[in-house]
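Quick notes on the structure that follows.
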Amino acid sequence: FRGEPCPGPLVKTIRKISSMSSGSELVILTDIEECMKIIRETLELIGVKTISIRHENNYWIIHIKN
């Protein structure tokens, strides 16, 4: 989702998570800090168990395990 402002990436993330099977993993890349924060907060609210975020080369990598 690099270069794409929220809420687009958030909506796409929620859609993808809802279709993921247990144990699946998803990696999201965004270069917009506010979008990373919104995605992280939403994932925490809906109870996603494993979320890791790191900043690398001017973008955030959000790794989700369902």
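Read-outs: derived from the displayed coordinates by stated rules, not from any lab. Nothing here was measured: the structure is a model prediction, and the numbers come from that model. Note that each Cβ is placed from the backbone with ideal geometry, even for glycine, and that neighbours are counted across all protein chains shown.
Using the Karplus relation 6.51 cos²θ - 1.76 cosθ + 1.60 with θ = phi - 60°, the per-residue 3J(HN,Hα) values for the stretch 47-52 come to x, 5, 6, 10, 10, 10 Hz, with x marking Gly and Pro. Packing, taken as the mean count of other beta carbons within 10 Å per residue, orders the peptides 4-14, 28-38, 52-62 from highest to lowest as 28-38, 4-14, 52-62. Normalised by the number of residues in the chain, the average gap of Cα pairs under 8 Å and 6 or more apart makes the relative contact order 40 percent. Under 5 Å between amide hydrogens, built in the peptide plane, is the criterion, and for GLU4 it picks out ASP31 among residues at least 5 positions away or on other chains. The dipole here belongs to the chain: it is taken about the Cα centre, uses +1 on the Cβ of Lys and Arg and -1 on the Cβ of Asp and Glu, and is about 260 debye. In whole angstrom, the chain maps to an equivalent ellipsoid with semi-axes of 18, 12, 10, each derived as √(5λ) from the alpha carbon gyration tensor and ordered largest first.
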